[in-house]
Amino acid sequence: MTMVKRVSRPFGFLLALACAASVVPVSGAIAAQFGASAPGAPQIGSSLSATQAPTPGGMTIAAVVNEDIITVFDVQSRMNLVIATSGFDDTPEMRRRLTPQIIDALIEERLKSQEAARLKLKVTDAEIRQSIEGIEQRNNMAPGSFRGLLASKGVDVTAVNSQIEAEIGWSKVVRQTFERNVNVSPDEVNAVLQRAKSNQGKPEFQVSEISLPVTSAAQDQVMRDLANRLVLQARGSTPFPALAQQFSQGPTAVLGGDLGWVVRGEMEPELDEAITHMENNQISDPIRTATGYHILALRDRRISGAADPNMAVVTLSQIYLPTVGGRAFSAQRLAQVTSTISGLKNCEEMNKLATELETPGSGPIPAVFVGSLPEKVRNAVVNLSPGHTSAPVEVGGAKLFVQVCKRRDDPGVPGTEQIQNTLENEKLQNLARQKLRDLRRQALIDVRM
């Protein structure tokens, strides 16, 4: 059953959000394959320990994918990235468990990049830069600080660039190959709209998921063991969105597993039954359905059809005043500019001041869901009327002032345009998954570790 997600996007240091910001999210999280080998994937039994290093030049071969190679250095770099962004303990045992899935994910990235190259679709440095800037903006990080943060965690920046490049290229492949053939009829839109209206007044649950498909009997035990480990991590110190982003193989992985608000009947029966008995902020045990194993996180509940403030759409203007570093404002200048900002009456004046100040990150922000903003900014603008400026928001090394230019509040049910986009994207995702399976079946893959 098609579900229109009313997204209240989780926020954190999650790499795939950059790709979601710059292209249509048609392939799930960048590292969503980490939970299991894809159908037809070679079995990989060896591991990469924390102390294992590649030979000089890093050219020890871990796998060959058609004409491309994956080196031990590639695997080790990706391992560092996954551990740094997922919150997993950096232990030899964890690295041993992750190695097969990381190699498998790198294989799929090579297949995506090869298909983009075959179609002569290029990813520019500007597109990669834009994706990284998206990470910084969504995490309230100072412009240019993302790479430094990765370096401080021992992550090779090229590992990040290759992930982003593969995902942007793959999105271009899917767009060029399938987008013109995806059609959504008015009857399909109307059916979803009528279902949404019929659900008004019913209990509704805000849910996140980790989806681990099982495609063969041999995979069942592997997926069950992985699901049990992920439940322990989620109930411990690792954020659920980070786990979903790195391990879930469902289309919501790019959003940290966020399913949005659902009512009974919109999920598989076993998931419907489980969610009605859960408490807020509870993590479920692994749930076996016809499609595989699932882990649910219940974040909130409400009555369906009520307006969601996080679904309000706002256009913003912001001014970013650095308080540390070489461009930091002195206390006196900070007080002067703060006083000036407090007297601004509209976004035109706000944008004009932003241009005069020339501080990175200042200026207009296009239409965005309130729920997709970083938590501190979201809290500052959720009830802010157009023409009003927020109190200063303390972000990393700066004070941020935000003014709402325009605001469109949530009507309580999705509009026809939102439903149309959801259905189109759902069909694209299905076609993208099928295409990747076909590429994998046709590929010559040799795993050597």
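Where a number appears in this text, it was derived from the coordinates with a stated rule and is not lab data. Keep in mind the model is a prediction, meaning the values are calculated, not measured. In this analysis, Cβ positions are derived from the backbone assuming ideal geometry, glycine residues included, and neighbour counts consider all displayed protein chains.
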Given 235-246, 283-294, the highest-first ranking by average Cβ count within 10 Å works out to 235-246, 283-294
Rounded to one decimal in nm, the spacing of the 7 Å Cα→Cβ label points at ARG408 and VAL382 is 2.2
Helix-only [θ] at 222 nm, the chain, -39500 (n - 2.57) per DSSP H run of 4+, per residue, nearest 500, equals -14500 deg cm²/dmol
Extension length gain for ASN228 and ILE303 (0.36 nm per residue less Cα distance), in nm, is 23.8 nm
Here, ASP90 and ASP438, labelled 7 Å along Cα→Cβ, have an inter-label distance in nm of 4.2
The summed charge of the PRO360 Cβ neighbourhood (under 12 Å; Lys/Arg +1, Asp/Glu -1) stands at -2
Mean-square fluctuation maximum in Gaussian network of the chain, Cα pairs under 10 Å, restricted to GLY363, GLY154, GLY325, hits GLY325
With a Förster distance of 30 angstrom and the Cβ-Cβ distance between ARG235 and LYS197, calculated FRET efficiency to the nearest 0.05 equals 0.20
Rounded to one decimal in nm, the spacing of the 7 Å Cα→Cβ label points at GLN176 and ALA218 is 3.5
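If each residue of separation counts as 0.36 nm, what is the full-extension length gain between ASN346 and ARG129 once their alpha-carbon separation is subtracted?
75.1 nm
Which of rounded, prolate or oblate describes region 186-307 when judged by the alpha-carbon gyration tensor and an a/c cut-off of 1.5?
prolate
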For region 311-408, the convex hull over Cα atoms projects on average to an area in nm² of 5.6
Cα pairs beyond 17 Å in region 389-449, in percent, come to 71
In debye to the nearest 20, the charge dipole size for region 186-307, taken about the Cα centre with +1 at each Lys and Arg Cβ and -1 at each Asp and Glu Cβ, equals 260
Here the membrane-span-like helices of the chain, with no claim about any membrane, defined by DSSP H, Cα axial extent at least 24 Å and mean Kyte-Doolittle at least -1.0, are 92-118, 157-178, 217-235
Answer in debye to the nearest 20: the dipole magnitude of the chain about its Cα centre, from +1 Lys/Arg and -1 Asp/Glu charges placed on Cβ, is 400
Counting as exposed only GluC sites (Glu not before Pro) in DSSP loop states with no more than 10 other Cβ atoms inside 10 Å, the longest exposed-site-free span of the chain is 68-278
